[in-house]
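The values are calculated or read from the model by the stated rules, or taken from the named source; none is laboratory data. What you see is a predicted model; the values in this text were computed from it and never measured. Neighbour counts are summed over all protein chains in view; Cβ atoms, including those assigned to glycine, are modelled from backbone coordinates with ideal geometry.
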Amino acid sequence: MKRFTLTTLLTLALPLTPAHAEWQNCVDMQDRATVEKELDCYRKVASDKASENKISKPILSMRATGLEQEWAPSNATLVTHKLNYALLYAKSSQTNPTPTSPNPQNQVLTPQPQDLRDMKVQLSMKHDLADFDRLGSLWVGYTLLSFWQVYDEAHSRPFRENNYEPELIYSLHPDELFGHSEFNPGIFNVGIVHQSNGQTSPRSRSWNRIYVQTGIEKNYAGDRKFIVLLRGWKRIPEDIASDDNPDITHYLGRGDLELRYSQDNNWEATLLLKTRSVQLDLAAPWTAWRLLTLASPGEHNTNIHLQYFSGYGESLIDYNHKHETWGFGLSFPFQ
């Protein structure tokens with residue numbers, strides 16, 4: 001009777017999982033093995049499941065709203081790096097059918113028909129390569145920015161431009177290295193980055209940089225954050241004869257300033273300032289979407305995303321082309 005009770009209680013306590021067959025094997029041992037062997041069977045299955053849960057890790061982790069959390073070591077395969085969005089409709093003030101460059105080999109002489117409207121998509125991820133405890137962590141990042149002429153049916157809806165941006169980043173948390181101080185920045189990053197559009201001459205554009213970046217954050221009302229990120233870079237020189245865009249720093253500058261103001265798990269405003277350009281991004285939950293059965297009450301899976309750009313360098317092919325762009329679409333939640 002005691003044996004039946006023990007086995008029955010263990011069986012009732014076990015959740016129905018994909019490994020239910022393994023548990024059933026232990027149950028089937030009743031009356032065919034000693035209590036000790038049955039318990040050993042349950043312990044083994046429980047230990048195997050615990051090991052699986054321990055080594056499992058998420059494929060993608062959303063970007064946190066705080067700097068330290070954003071650059072904290074992660075067991076996720078991928079972590080959001082820059083903003084991820086899809087502007088379903090983005091309209092420019094003027095096209096750039098004949099991109100120019102001081103290098104004669106990079107002068108486009110034959111105009112390429114273009115629509116003022118694009119679908120603009122940015123996908124940006126990073127991966128935690130190595131952690132050195134208080135000495136920081138090493139990351140690899142990748143950003144893809146695409147401009148798809150999806151509304152240009154007459155020319156088979158081509159991709160007007162793709163920009164590829166891999167980078168290697170070493171990130172430090174000054175508080176962990178030097179001890180907590182109100183004067184310490186939230187993070188300190190050193191990186192090397194390549195950016196190109198993958199084209200051949202005369203449309204080829206590319207450059208390489210090393211940079212340092214630091215940032216601070218301030219909390220308001222418990223759930224609001226204001227973040228300031230300052231980055232300065234130095235372009236890695238290229239041979240003048242093969243330089244696709246020798247004057248690119250004149251237009252894109254030698255650094256950028258990023259300002260973020262956000263409410264946790266709700267909305268975020270981001271302002272990115274360069275020497276001769278400004279970009280404003282606004283993202284907030286789509287309330288109507290939250291009312292659908294596809295999302296849990298009080299949660300959201302998608303943000304409405306608005307963007308305004310003005311100046312030079314929205315894409316590499318337009319690094320010396322001035323224009324304005326308005327767009328709207330969708331983006332991922334922040335956390």
Problem set entry | Flag for Ile187 being among the β-branched types (Val, Ile, Thr), modelled with pLDDT of 95 or more and surrounded by 15 or more Cβ atoms within 10 Å (Cβ to Cβ) | no
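Within region 125-134, does at least one residue satisfy the condition of being touching a Ser or Thr at 6+ places or on another chain (Cβ under 6 Å) and closer than 30 Å to Ile169 by Cα?
Taking every residue of region 125-134 in turn, at least one turns out to be touching a Ser or Thr at 6+ places or on another chain (Cβ under 6 Å) and closer than 30 Å to Ile169 by Cα.
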For this session: Filter region 218-269 for residues that are among the aliphatic types (A, V, I, L, M), touching a Gly at 6+ places or on another chain (Cβ under 9 Å) and more than 23 Å from Ile304 (Cβ to Cβ) and give the result.
Result: Val228, Leu229, Leu230, Ile248, Leu252
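Might you let me know whether region 198-220 holds any residue that is among the hydrophobic types (A, V, I, L, M, F, W, C) and outside any strand (DSSP E or B)? Before the answer, list the steps.
Initial filter on region 198-220 (among the hydrophobic types (A, V, I, L, M, F, W, C)): 207, 210, 212, 216.
Now narrow it down to the ones that are outside any strand (DSSP E or B): none.
For region 198-220, residues among the hydrophobic types (A, V, I, L, M, F, W, C) and outside any strand (DSSP E or B): absent.
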Seminar exercise, completed: The condition of being assigned by TED's automatic domain parsing to the domain that holds Gly191, at pLDDT 95 or above and in contact with a helix residue (DSSP H, G or I) (Cβ under 7 Å, 6 or more places away or on another chain) holds, among Asn96, Asn103, only for Asn96
Exercise. Of the residues that make up region 176-187, is at least one part of a strand (DSSP E or B), assigned by TED's automatic domain parsing to the domain that holds Gly136 and under 22 Å from Leu273 (Cα atoms)?
Worked result: yes
Exercise. Scanning for something in a helix (DSSP H, G or I), farther than 24 Å from Glu314 by Cα and without any contact (Cβ under 8 Å) to a residue 12 or more places away in the chain, does region 135-151 turn up at least one residue?
Worked result: no
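Based on what the data block shows, is Arg231 of a type in the set (D, E, K, R), at pLDDT 95 or above, assigned by TED's automatic domain parsing to the domain that holds Asn320 and closer than 27 Å to Lys126 by Cβ?
Working: of a type in the set (D, E, K, R): yes; at pLDDT 95 or above: yes; assigned by TED's automatic domain parsing to the domain that holds Asn320: yes; closer than 27 Å to Lys126 by Cβ: yes.
Yes; evaluated as a whole, the condition is true for this residue.
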Seminar exercise, completed: Per the list (1) in contact with an Asp or Glu (Cβ under 8 Å, 6 or more places away or on another chain); (2) within 30 Å of Ser101 (Cβ to Cβ); (3) in contact (Cβ under 8 Å) with a residue 60 or more places away in the chain; (4) among the charged types (D, E, K, R), residue check on Lys225 breaks on (2)
Exercise. Is it true that Thr98 is under 17 Å from Asn320 (Cβ atoms) and without any contact (Cβ under 8 Å) to a residue 24 or more places away in the chain?
Worked result: yes
For this session: Have a look at Leu88, Leu123 and point out the one that is touching a residue at least 60 places away in the same chain (Cβ under 8 Å), of a type outside the set (Val, Ile, Thr) and either on the phi > 0 side of the Ramachandran plot or assigned to a strand (DSSP E or B) (or both).
Result: Leu88
For this session: Filter region 62-95 down to residues that are basic (Lys, Arg) and under 14 Å from Leu229 (Cβ atoms) and give me whichever is surrounded by the fewest Cβ atoms within 10 Å (Cβ to Cβ).
Result: Lys82
Problem set entry | Test set (1) farther than 18 Å from Gly66 by Cβ; (2) buried (at least 17 other Cβ atoms within 10 Å of the Cβ) - Ile192 fails condition number | (2)
Seminar exercise, completed: Within region 96-134, the residues that are buried (at least 19 other Cβ atoms within 10 Å of the Cβ), under 13 Å from Tyr151 (Cβ atoms) and of a type in the set (A, V, I, L, M, F, W, C) are Met119
